[in-house]
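See below for the structure under consideration.
Just so it is clear, none of the values below were taken in a lab; they were calculated from the coordinates. Since the model is a prediction, treat every value here as computed from it, not as a measurement. All Cβ positions, glycine included, derive from the backbone under ideal geometry; neighbour counts span all protein chains shown.
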Amino acid sequence: MPKNVRTIYSNQYNIQELLPKTDLLIGAVLIPGAKAPSLVSRKMLGDMQKGTVVVDVAVDQGGCIETCKPTTHEDPIYDVDVNTKSTLCILETIKQSKLKTRFILGSTFIVVGKPETLPVTEDTDCNPSTVYGINRLASEYFCKVYHNMYDIDAISFRITNAFGPREKYLTPTKNALNYLIYQAYKGKDVTIYDEGKFFRDVIFVNDVISGINTIIKNGESGNLYWISSNKKTWFYEIGKLLEELTTGRVKYVESPSYNNKVDVGNFVVDNSKLQSIGWKIETSVKDGIKETLDYFKSNSL
């Protein structure tokens, strides 16, 4: 660890002692297969300084900060607060404090909606069909505005369908591919819509991380980058891989009407802009599925 980093035991006393002096609080708790414990209560947050930034990376596992929860269509105002409003607050803090820092915004393919032409690029028109997609797109525009108006070093990136170890896997609503892999690992039926005759741009988590690192080091300020495989992965192909690698069996069903309202349809993204700054993809879908299955097995999930 660097000399300016001090480590302490994570317990309630130490957390409570440090919170009033903290400028940035990052919750990053992971207990494989279980809900993250609540380490910071609502009352403890009240002891923090005005303007402190709070980031809960553990939100998909339930969150380790009491006030944090996943976003849903049922609570769109909360979605605005934790996505759009939080991005604006961070940018405004950077501006007012005159910080010389690089702000990296993670976004999603959901902002595009159903594309009119493929492959999607950084210049593709966006027409999001969900509240979450609208809020992520608004956050991207805030980064662009603050870069253009205040010269803030801000970059946005979008990820396609990512999967792999340590991602949520117990519910199909947050990461459908990880959920399917886990169902197959458990020897259960793997439910895939519409005979799997649709494709997505699927990318393994290790390639996502290397893409983010490349953007941090080499990305041009004010720009947007796609992190994608640039390959069509048909879901019937995923089904065949899961049957080959596990005891699970694919069950094809008709997609529900709600899915048709928000689904982006077939999706593949040109990643040449990211490649131009020194990135390349390393892991195939099959190898990524194998690594994810090994992760489940090694952690007895």
Modelled label-to-label distance, SER276 and ASN4, 7 Å Cα→beta-carbon offset: nm?
-> 3.4
When the chain is treated as a GNM, springs tying every alpha-carbon pair under 10 Å, which of PRO256, PRO165, PRO119 comes out with the largest mean-square fluctuation?
-> PRO256
Computed ³J(HN,Hα) along the stretch 219-234: with the Karplus parameters 6.51/-1.76/1.60, θ = phi - 60°, integer Hz and x for glycine or proline, the list is x, 8, 4, x, 9, 10, 10, 8, 9, 8, 8, 6, 10, 7, 10, 6
Using a Gaussian network model of the chain with C-alpha springs under 10 Å, which one of GLY248, GLY278, GLY46 is most mobile by mean-square fluctuation?
-> GLY46
For the stretch 143-152, take each phi angle, set θ = phi - 60°, evaluate the Karplus expression 6.51 cos²θ - 1.76 cosθ + 1.60, and give the result in whole Hz per residue in order, putting x for glycine and proline.
-> 4, 5, 5, 5, 5, 5, 8, 10, 6, 7
Select from ASP189, ASP75, ASP201 the residue whose mean-square fluctuation is largest in a Gaussian network model of the chain (Cα-Cα springs shorter than 10 Å).
-> ASP75
What is the gain in length, in nm to one decimal, between LEU18 and LEU245 on full extension, counting 0.36 nm per residue of separation less the C-alpha to C-alpha distance?
-> 77.0 nm
Please state, as a whole number in µm²/s, the translational diffusion coefficient that the Stokes-Einstein equation yields for the stretch 234-301 at 20 °C and 1.002 mPa s, with Rh defined as the Kirkwood radius across alpha carbon pairs.
-> 140
For the stretch 8-68, report the convex hull volume of the alpha-carbon atoms normalised per residue, in Å³, without decimals.
-> 79
So for R0 = 35 Å, FRET eff. of ASN127-LYS188 from the Cβ-Cβ r, to 0.05, ends up at 0.45
Per-residue ³J(HN,Hα) for the stretch 156-161, Karplus 6.51 cos²θ - 1.76 cosθ + 1.60, θ = phi - 60°, Hz, x for Gly and Pro | 10, 9, 10, 10, 7, 6
With label points built 7 Å along Cα→Cβ from the Cα atoms of GLU220 and SER298, find their separation and express it in nm.
-> 3.9
Under the Debye formula (equal points on every Cα, no solvent term), log10 I(q)/I(0) of the stretch 110-187 at q = 0.21, 0.23, 0.24, 0.25 Å⁻¹ | -1.01, -1.08, -1.10, -1.13
Using modelled amide H (1.01 Å from N, peptide plane; none on Pro or chain starts), what sits under 5 Å from the amide H of ILE192, excluding residues fewer than 5 places away?
-> LYS251, TYR252, VAL253
Label SER255 and ARG166 with points 7 Å out from Cα along Cα→Cβ: what is the distance between them in nm?
-> 3.1
What percent antiparallel are the DSSP beta bridges of the chain, to the nearest 5?
-> 5
Amide H contacts of ILE203 (H built 1.01 Å from N, under 5 Å, at least 5 apart or other chain) | ASN161, ALA162, PHE163
Using alpha-carbon coordinates, inclination of helix 86-97 to the longest axis of the chain, degrees | 30
For TYR141 and GLN96, FRET efficiency with R0 = 22 Å and r from the beta-carbon atoms, rounded to 0.05?
-> 0.65
If one puts a single equal scatterer on every Cα of the chain and applies the Debye formula without solvent, what log₁₀ I(q)/I(0) results at q = 0.08, 0.12, 0.13, 0.14 Å⁻¹?
-> -0.39, -0.91, -1.07, -1.23
Whichever lysines have a C-alpha closer than 24 Å to that of LYS3, once near sequence neighbours (fewer than 8 apart) are set aside | LYS21, LYS100, LYS217
